[in-house]
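Structure first, commentary second.
What follows draws every value from the coordinates through simple rules; no lab data is involved. This is a predicted model, so every value here is computed, not measured. Note: ideal-geometry Cβ built from the backbone for every residue, glycine included; neighbour counts use all protein chains shown.
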């Protein structure tokens with residue numbers, strides 16, 4: 001069975017093409033639940049009108065779906081709590097010059 005850490009590592013390969021930082025470091029991944037061979041991911045975007053949202057979700061499904069033991073990936077877009085730059089990792093803040 002896949003682990004949450006493996007899922008998070010796979011999501012680190014999913015980048016927001018407008019910002020150039022992965023969704024994990026951006027703090028966009030809120031929750032991961034694993035039920036057998038199905039992975040449920042609650043995530044958000046930097047804004048509700050994000051034009052690359054479908055691309056990010058598709059990439060997340062593809063990256064996690066490629067993990068051994070995963071048959072289905074469900075990505076649920078959530079808006080609560082709203083994303084803020086404070087949710088980024090220290091590495092992402094440094095990379096983007098956010099202090």
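Restricting to bridges with both residues inside the stretch 4-83, how much of the DSSP beta-bridge set is antiparallel, in percent to the nearest 5? Working shown, then result.
On the way: 7 of 13 bridges.
Beta bridges within the stretch 4-83, antiparallel portion: roughly 55 percent.
Along the Cα-to-Cβ line of residue 98, 7 Å from the Cα, sits a label point; which residues in the stretch 30-50 have backbone N less than 11 Å from it?
Hits in the stretch 30-50 for residue 98 at 11 Å: 46-47.
Please determine, in degrees from 0 to 90 and to the nearest 10, the orientation of helix 53-65 with respect to the longest principal axis defined by the Cα atoms of the chain, where the helix direction is its Cα long axis.
Between the helix axis and the principal axis of the chain, the angle is about 40 degrees.
For residue 74 and residue 30 in the same chain, what is the full-extension length gain: residue separation times 0.36 nm, less their Cα-Cα distance, in nm? Kindly include the intermediate steps, with their values, before the conclusion.
Values: separation 44, 0.36 × 44 = 15.84 nm, distance 1.35 nm.
Here the answer is 14.5 nm.
Cα centroids of the stretch 56-81 and the stretch 1-44: how far apart, whole angstrom?
Result: 7 Å between the Cα centres.
Pull out the extension gain between residue 55 and residue 84, defined as 0.36 nm times the separation in residues minus the alpha carbon to alpha carbon distance; nm, one decimal.
Details: separation 29, 0.36 × 29 = 10.44 nm, distance 2.06 nm.
Gain in length upon complete extension: 8.4 nm.
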